[in-house]
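Colleague: Would you mind keeping the following structure in view while I ask a few things?
The values are calculated or read from the model by the stated rules, or taken from the named source; none is laboratory data. A quick note: this is a predicted structure, and the numbers were derived from the prediction, not measured. Heads up, the Cβs are rebuilt from the backbone with ideal geometry, glycines too, and the neighbour counts pull from every protein chain shown. What goes into the accessible areas is simple: the full protein's heavy atoms, side chains included, and nothing from ligands, DNA or RNA. Shrake-Rupley method; radii C 1.70, N 1.55, O 1.52, S 1.80 Å.
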Amino acid sequence: MNPILKNIIAVILGWLTGSFVNMGLVMAGHKAFPIEGVDLNDMDALAQVMPTLSSEYFIFPFLAHALGTLVGAIIAGLIAANHKMKFALGIGVLFLLGGLAMVFMAPGPMWFSVVDLVFAYIPMAWLGGKLALKWSSKS
(Lines give C-alpha, C1' and ligand atoms only; values in the text may rest on other atoms or scores of the structure.)
Protein backbone atom coordinates (compact mmCIF):
# COMPACT_ATOMS: atom_id res chain seq x y z
CA MET A 1 0.00 0.00 0.00
CA ASN A 2 1.13 3.53 -0.72
CA PRO A 3 2.91 4.86 2.44
CA ILE A 4 1.12 8.22 2.28
CA LEU A 5 -2.27 6.54 2.11
CA LYS A 6 -1.27 4.19 4.92
CA ASN A 7 -0.23 7.15 7.09
CA ILE A 8 -3.51 8.97 6.41
CA ILE A 9 -5.43 5.83 7.39
CA ALA A 10 -3.27 5.59 10.54
CA VAL A 11 -4.32 9.07 11.66
CA ILE A 12 -7.99 8.56 10.84
CA LEU A 13 -8.24 5.16 12.56
CA GLY A 14 -6.16 6.33 15.54
CA TRP A 15 -8.39 9.35 16.00
CA LEU A 16 -11.64 7.38 15.57
CA THR A 17 -10.60 4.49 17.83
CA GLY A 18 -9.33 6.85 20.51
CA SER A 19 -12.55 8.86 20.28
CA PHE A 20 -14.68 5.73 20.75
CA VAL A 21 -12.64 4.75 23.83
CA ASN A 22 -12.94 8.30 25.14
CA MET A 23 -16.72 8.47 24.70
CA GLY A 24 -17.24 4.99 26.11
CA LEU A 25 -15.41 5.91 29.29
CA VAL A 26 -17.18 9.27 29.56
CA MET A 27 -20.54 7.49 29.30
CA ALA A 28 -19.44 4.88 31.86
CA GLY A 29 -18.43 7.70 34.17
CA HIS A 30 -21.85 9.33 33.87
CA LYS A 31 -23.44 6.03 34.83
CA ALA A 32 -21.06 5.54 37.78
CA PHE A 33 -21.29 9.17 38.95
CA PRO A 34 -24.49 10.72 37.57
CA ILE A 35 -24.85 14.49 37.81
CA GLU A 36 -28.43 14.90 38.95
CA GLY A 37 -30.56 17.50 37.19
CA VAL A 38 -28.00 18.33 34.48
CA ASP A 39 -28.44 17.60 30.78
CA LEU A 40 -24.96 16.50 29.75
CA ASN A 41 -25.62 17.68 26.19
CA ASP A 42 -26.18 21.25 27.44
CA MET A 43 -22.68 22.77 27.58
CA ASP A 44 -23.88 25.85 29.49
CA ALA A 45 -25.46 23.73 32.24
CA LEU A 46 -22.38 21.52 32.36
CA ALA A 47 -20.10 24.56 32.54
CA GLN A 48 -22.10 25.88 35.50
CA VAL A 49 -21.98 22.67 37.51
CA MET A 50 -18.36 21.60 36.75
CA PRO A 51 -16.64 23.86 39.31
CA THR A 52 -18.94 22.56 42.07
CA LEU A 53 -18.28 18.84 41.52
CA SER A 54 -16.10 16.81 43.87
CA SER A 55 -13.01 14.94 42.69
CA GLU A 56 -14.70 11.57 42.03
CA TYR A 57 -16.59 13.15 39.12
CA PHE A 58 -13.27 13.75 37.37
CA ILE A 59 -11.86 10.20 37.54
CA PHE A 60 -13.63 8.96 34.43
CA PRO A 61 -13.02 12.10 32.34
CA PHE A 62 -9.29 11.83 33.07
CA LEU A 63 -9.28 8.10 32.27
CA ALA A 64 -11.27 8.77 29.10
CA HIS A 65 -8.81 11.39 27.92
CA ALA A 66 -5.70 9.41 28.88
CA LEU A 67 -6.82 5.98 27.64
CA GLY A 68 -8.49 7.37 24.51
CA THR A 69 -5.23 9.11 23.61
CA LEU A 70 -3.18 6.01 24.48
CA VAL A 71 -5.28 3.67 22.35
CA GLY A 72 -5.45 6.14 19.45
CA ALA A 73 -1.68 6.64 19.54
CA ILE A 74 -1.05 2.88 19.60
CA ILE A 75 -3.34 2.35 16.61
CA ALA A 76 -1.77 5.20 14.65
CA GLY A 77 1.73 3.98 15.51
CA LEU A 78 0.99 0.41 14.52
CA ILE A 79 -0.60 1.35 11.19
CA ALA A 80 1.77 4.15 10.11
CA ALA A 81 4.17 3.17 7.34
CA ASN A 82 7.00 5.26 8.81
CA HIS A 83 7.65 7.88 11.49
CA LYS A 84 5.49 5.85 13.89
CA MET A 85 6.31 7.96 16.96
CA LYS A 86 5.48 11.18 15.09
CA PHE A 87 2.08 9.83 14.12
CA ALA A 88 1.41 8.65 17.68
CA LEU A 89 2.37 12.08 19.02
CA GLY A 90 0.19 13.67 16.33
CA ILE A 91 -2.78 11.83 17.82
CA GLY A 92 -1.76 13.23 21.20
CA VAL A 93 -1.78 16.75 19.78
CA LEU A 94 -5.24 16.21 18.23
CA PHE A 95 -6.62 15.02 21.55
CA LEU A 96 -4.82 17.84 23.43
CA LEU A 97 -6.56 20.37 21.16
CA GLY A 98 -9.88 18.73 22.08
CA GLY A 99 -8.94 18.91 25.76
CA LEU A 100 -8.09 22.60 25.44
CA ALA A 101 -11.43 23.23 23.76
CA MET A 102 -13.23 21.49 26.64
CA VAL A 103 -11.36 23.60 29.21
CA PHE A 104 -12.82 26.69 27.56
CA MET A 105 -16.31 25.29 26.87
CA ALA A 106 -16.89 23.59 30.24
CA PRO A 107 -14.18 24.73 32.65
CA GLY A 108 -13.73 22.49 35.64
CA PRO A 109 -11.59 23.07 38.70
CA MET A 110 -8.12 24.41 37.91
CA TRP A 111 -6.42 21.35 39.46
CA PHE A 112 -8.27 19.06 37.03
CA SER A 113 -7.54 21.20 33.98
CA VAL A 114 -3.82 21.21 34.80
CA VAL A 115 -3.61 17.49 35.57
CA ASP A 116 -5.65 16.61 32.49
CA LEU A 117 -3.77 18.81 30.03
CA VAL A 118 -0.32 17.91 31.39
CA PHE A 119 -0.68 14.14 31.91
CA ALA A 120 -3.51 12.80 29.75
CA TYR A 121 -2.43 13.69 26.24
CA ILE A 122 1.22 14.01 25.21
CA PRO A 123 2.63 11.57 27.80
CA MET A 124 0.01 8.97 26.86
CA ALA A 125 0.68 9.52 23.15
CA TRP A 126 4.41 9.06 23.79
CA LEU A 127 3.71 5.84 25.71
CA GLY A 128 1.41 4.68 22.90
CA GLY A 129 4.15 5.41 20.37
CA LYS A 130 6.69 3.45 22.41
CA LEU A 131 4.32 0.48 22.66
CA ALA A 132 3.57 0.63 18.93
CA LEU A 133 7.28 0.68 18.12
CA LYS A 134 7.92 -2.26 20.45
CA TRP A 135 5.00 -4.29 19.09
CA SER A 136 5.67 -3.51 15.44
CA SER A 137 9.35 -4.49 15.76
CA LYS A 138 8.31 -7.98 16.93
CA SER A 139 6.40 -8.74 13.74
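Colleague: Where Rh denotes the Kirkwood radius from the mean inverse Cα pair distance, what is Rg over Rh for region 67-139?
Modeller: On the way: Rg = 13.2 Å, Rh = 12.3 Å.
In region 67-139, Rg relative to Rh is 1.08.
Colleague: Next up: How much accessible area does residue 9 have with a 1.4 Å probe, in Å² rounded to the nearest 10?
Modeller: We get 60 Å² for residue 9.
Colleague: How would 57, 121 rank on accessible area, largest to smallest, probe 1.4 Å? Mind showing how you got there, number by number?
Modeller: Values: 57 70, 121 5 Å².
Accessible-area ranking of 57, 121, largest first: 57, 121.
Colleague: Can I ask one more? How big is region 1-90 in terms of Cα radius of gyration and Dmax, in angstroms?
Modeller: Reported Rg and Dmax, both Å: 16.6, 51.
Colleague: Below 29 Å Cα-Cα, how many Lys pairs turn up in the chain? Only count pairs eight or more apart in sequence, or on different chains, if you could.
Modeller: 12
Colleague: Quick one: dipole size for region 1-109, taken about the Cα centre, charges +1 on Lys/Arg Cβ and -1 on Asp/Glu Cβ, in debye to the nearest 20. All intermediate terms of the calculation are to be shown ahead of the outcome.
Modeller: On the way: 4 positive and 5 negative charges, 143 e Å.
Using Cβ point charges on Lys, Arg, Asp and Glu, region 1-109 gives about 680 debye.
Colleague: When the solvent-accessible surface of protein heavy atoms is calculated with a 1.4 angstrom probe, in what order do 56, 36 fall, highest first? All intermediate terms of the calculation are to be shown ahead of the outcome.
Modeller: On the way: 56 70, 36 150 Å².
In descending accessible area the options line up as 36, 56.
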